[in-house]
1. Which one of these is surrounded by 11 or more Cβ atoms within 10 Å (Cβ to Cβ) and not basic (Lys, Arg): Val63, Val52?
2. Taking the stretch 44-54 as the search range and keeping residues that are polar (S, T, N, Q) and in a loop (DSSP other than H, G, I, E, B), which one is nearest to Pro23 (Cα to Cα)?
3. Pairs, please: C-beta under 7 Å, at least 6 apart or cross-chain, first residue at negative phi and in the stretch 4-29, second of a type in the set (Phe, Trp, Tyr)?
4. For the stretch 41-88, which residues satisfy the criterion of being acidic (Asp, Glu), in contact with a helix residue (DSSP H, G or I) (Cβ under 9 Å, 6 or more places away or on another chain) and under 18 Å from Leu6 (Cα atoms)?
5. Looking at the structure I just gave you, is Ser36 modelled with pLDDT under 90, surrounded by 11 or more Cβ atoms within 10 Å (Cβ to Cβ) and not charged (D, E, K, R)?
6. Quick check, is Leu76 without any contact (Cβ under 8 Å) to a residue 40 or more places away in the chain and within 21 Å of Gly22 (Cβ to Cβ)?
Amino acid sequence: MDTSQLIEIFRDAILTGMKVAGPILLISMLVGLVISIIQAATSINEQTMTFVPKLIITAIMLVVFGGWMLQQMMDLFLRVMELIATKI
């Protein structure tokens, strides 16, 4: 296994991580921003008001996109194992 193949594996791993984590992080950030704007407008400073909706949205996103996320990670794993198998 040479350097270019290792770089390709690391690049694929980083891109897969971004594809898998990105949607959940973006939605969670948007929900937090909306809740923060509502808190600023109403002068309510309750910490659980931001935590609970983000937790619920994250759980919903995991249920909805969990299969796709798992498939993306399995594809990466299979590509790496295939690359290792061809070099042994």
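The values are calculated or read from the model by the stated rules, or taken from the named source; none is laboratory data. Owing to the predicted nature of the structure, the values given are computational and were not obtained by experimental measurement. With ideal geometry, Cβ positions are generated from the backbone for all residues, glycine too; neighbour counts draw on all protein chains shown.
1. Numbers: Val63 fails: surrounded by 11 or more Cβ atoms within 10 Å (Cβ to Cβ).
The conditions single out Val52.
2. Our first condition is that a residue be polar (S, T, N, Q); within the stretch 44-54, this holds for 45, 47-48, 50.
If we keep only those that are in a loop (DSSP other than H, G, I, E, B) too, we end up with 45, 47.
On the way: Asn45: 27, Gln47: 23 Å.
Residue satisfying both the conditions and the ranking: Gln47.
3. These pairs meet every condition: Pro23/Phe65.
4. Here is the first cut: in the stretch 41-88, the residues acidic (Asp, Glu) are 46, 75, 82.
Checking the rest, the ones that are also in contact with a helix residue (DSSP H, G or I) (Cβ under 9 Å, 6 or more places away or on another chain) come to 46, 75.
If the condition is that a residue be acidic (Asp, Glu), in contact with a helix residue (DSSP H, G or I) (Cβ under 9 Å, 6 or more places away or on another chain) and under 18 Å from Leu6 (Cα atoms), then Asp75 is the only one that fits.
5. It is true that Ser36 is modelled with pLDDT under 90, surrounded by 11 or more Cβ atoms within 10 Å (Cβ to Cβ) and not charged (D, E, K, R).
6. Numbers: without any contact (Cβ under 8 Å) to a residue 40 or more places away in the chain: no; within 21 Å of Gly22 (Cβ to Cβ): yes.
No; evaluated as a whole, the condition is false for this residue.
So that you can scan it fast, the table gives a plain yes or no per residue for (1) assigned to a loop (DSSP other than H, G, I, E, B); (2) out of contact with any Ser or Thr (no Cβ under 7 Å at 6 or more places or on another chain); (3) at pLDDT 90 or above; (4) not small (Gly, Ala, Ser):
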| residue | (1), (2), (3), (4) |
| --- | --- |
| Leu6 | no, yes, no, yes |
| Asp12 | no, yes, yes, yes |
| Gly22 | no, yes, yes, no |
| Leu25 | no, yes, yes, yes |
| Ser28 | no, no, yes, no |
| Ile56 | no, yes, yes, yes |
| Ile60 | no, yes, yes, yes |
| Gly66 | no, yes, yes, no |
| Arg79 | no, yes, yes, yes |
